[in-house]
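K.L.:
What follows is a structure written as structure tokens; I'll ask about it next.
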Amino acid sequence: MFRAVIFDLDQTLIITLNRFYKVFNLMLVEFGGDEIDWDTFIKHYADDTLNVFIPKNVSIKTFWRTFLYRYNDVELEDEAPIPGAIDVLSRLKEMNIKIAVVTGRAVNEGYIWRELKRHGMADYVDCVVTSKDQDDGELFSKDEIFRKAAKCLGVPISKCIVVGDYWPDIKSGKAVNAKMVIGVLTGFMTRVQLEKYGADVVIDSVADLLDVLSSYFVKDLTEGSF
């Protein structure tokens with residue numbers, strides 16, 4: 001039985017990889033490094049080895065925390081929802097499943113609501129949580145964010161399903177004892193990488209989510225016993 005789904009935002013619901021690339025290069029230059037080309041970026045992004053480009057005299061934590069604060073400095077016209085994402089959100093809402101959207105971006109929630117509205121998603125979302133007020137603990141950890149999202153929804157985390165594309169989504173989802181943690185391949189991490197961090201299920205994209213939920217929670221979905 002589950003009552004809510006907590007979605008990561010970038011590369012899970014919305015394609016913002018070009019923005020990531022531009023902000024990453026912006027940060028490299030500001031911290032005294034050199035820009036990298038797209039092909040190099042994609043290779044190291046997929047391998048999770050972008051840290052090799054951060055200047056040696058710069059703290060990795062400082063670099064990435066600044067990156068997360070600055071992510072909304074750039075907003076591109078080619079950004080769009082993952083195909084099928086809006087349909088999934090709409091159908092979950094029809095089934096009275098609560099929905100939260102979370103992000104590691106250290107920005108005010110209003111920025112995220114604005115993007116969700118621009119992409120036609122806001123009406124399906126009950127709660128947004130960012131890392132803006134997160135303490136300076138483990139880099140990229142989403143433990144606190146997931147707990148805040150569950151509290152915002154009024155649903156125990158043990159009744160929430162977590163969906164994300166990156167290893168912190170998976171690791172943190174397992175750490176907070178979410179009902180199920182589902183990895184999606186739209187963020188360029190491999191199935192092996194996501195399973196390594198404990199994903200219960202890995203799917204091609206969020207568009208396949210309802211098929212997975214139907215197979216695991218067929219009684220809940222048919223009887224509405226959430």
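K.L.:
Filter the stretch 168-194 down to the residues that are open to solvent by 50 Å² or more (accessible area, probe 1.4 Å), part of a helix (DSSP H, G or I) and in contact with a Phe, Trp or Tyr (Cβ under 6 Å, 6 or more places away or on another chain) and list them by number.
P.N.:
Scanning the stretch 168-194 gives a single hit, 171.
K.L.:
State which residue is nearest to residue 181 (Cα to Cα) when the search covers only the stretch 116-149 and only residues that are among the small types (Gly, Ala, Ser) and outside any loop (DSSP other than H, G, I, E, B).
P.N.:
So, considering only residues that are among the small types (Gly, Ala, Ser) and outside any loop (DSSP other than H, G, I, E, B), the one nearest to residue 181 (Cα to Cα) is 149.
K.L.:
When you check residue 130 against the structure, is it under 16 Å from the mean Cα position of the chain (by Cα), modelled with pLDDT of 95 or more and closer than 25 Å to residue 61 by Cβ, yes or no?
P.N.:
yes
K.L.:
List every residue pair whose Cβ atoms lie under 8 Å apart, where the two residues are 6 or more positions apart in sequence or sit on different chains, the first residue falls within the stretch 36-48 and is touching a residue at least 40 places away in the same chain (Cβ under 8 Å), and the second residue, located anywhere, is part of a loop (DSSP other than H, G, I, E, B).
P.N.:
Close Cβ pairs satisfying both conditions: 42/188; 45/188; 46/188; 46/189; 46/190; 48/189.
K.L.:
Pull out all pairs, ordered by first then second residue, where Cβ-Cβ is under 7 Å, the residues are six or more apart or on different chains, the first lies in the stretch 59-76 and is in contact (Cβ under 8 Å) with a residue 12 or more places away in the chain and polar (S, T, N, Q), and the second is assigned to a helix (DSSP H, G or I) and open to solvent by less than 70 Å² (accessible area, probe 1.4 Å).
P.N.:
66/27
K.L.:
Quick check: is even one residue across the stretch 28-37 exposed (fewer than 13 other Cβ atoms within 10 Å of the Cβ) and at positive phi?
P.N.:
Checked the stretch 28-37: at least one residue is exposed (fewer than 13 other Cβ atoms within 10 Å of the Cβ) and at positive phi.
K.L.:
So residue 113 ticks every box in (1) open to solvent by 30 Å² or more (accessible area, probe 1.4 Å); (2) touching a residue at least 40 places away in the same chain (Cβ under 8 Å) but one. Which box is left unticked?
P.N.:
Exception for residue 113: condition (2).
K.L.:
Select from the stretch 53-96 the residues that are among the hydroxyl-bearing types (Ser, Thr, Tyr) and part of a helix (DSSP H, G or I) and write down the one among them that is most open to solvent (accessible area, probe 1.4 Å).
P.N.:
Residue satisfying both the conditions and the ranking: 69.
K.L.:
Taking residue 108, is it out of contact with any strand residue (DSSP E or B) (no Cβ under 8 Å at 6 or more places or on another chain) and under 30 Å from residue 77 (Cα atoms)?
P.N.:
yes
K.L.:
For the stretch 1-27, how many residues are closer than 27 Å to residue 149 by Cα, open to solvent by 80 Å² or more (accessible area, probe 1.4 Å) and at pLDDT 95 or above?
P.N.:
Of the residues in the stretch 1-27, 0 are closer than 27 Å to residue 149 by Cα, open to solvent by 80 Å² or more (accessible area, probe 1.4 Å) and at pLDDT 95 or above.
K.L.:
Take residue 48 and tell me if it is more than 18 Å from the chain's Cα centre (by Cα) and either surrounded by fewer than 16 Cβ atoms within 10 Å (Cβ to Cβ) or of a type outside the set (Lys, Arg) (or both).
P.N.:
Considered against the rule, which asks whether it is more than 18 Å from the chain's Cα centre (by Cα) and either surrounded by fewer than 16 Cβ atoms within 10 Å (Cβ to Cβ) or of a type outside the set (Lys, Arg) (or both), residue 48 comes out as no.
K.L.:
May I ask you to list the residues in the stretch 7-32 that are within 19 Å of the chain's Cα centre (by Cα), aliphatic (A, V, I, L, M) and in a helix (DSSP H, G or I)?
P.N.:
If the condition is that a residue be within 19 Å of the chain's Cα centre (by Cα), aliphatic (A, V, I, L, M) and in a helix (DSSP H, G or I), then 17, 23 are the ones that fit.
K.L.:
Name the residue that is nearest to residue 3 (Cα to Cα), counting only residues in the stretch 141-164 that are of a type outside the set (A, V, I, L, M) and surrounded by 24 or more Cβ atoms within 10 Å (Cβ to Cβ).
P.N.:
Among those residues, the one meeting the criterion is 160.
The values are calculated or read from the model by the stated rules, or taken from the named source; none is laboratory data. Please read all numbers here as calculations on a predicted model, not as lab measurements. Positions of Cβ are generated from backbone atoms using ideal geometry, with glycine treated the same way; all protein chains shown enter the neighbour counts. Remember, those area values only see protein heavy atoms, side chains included, never the ligands or the DNA or RNA. Shrake-Rupley method; radii C 1.70, N 1.55, O 1.52, S 1.80 Å.
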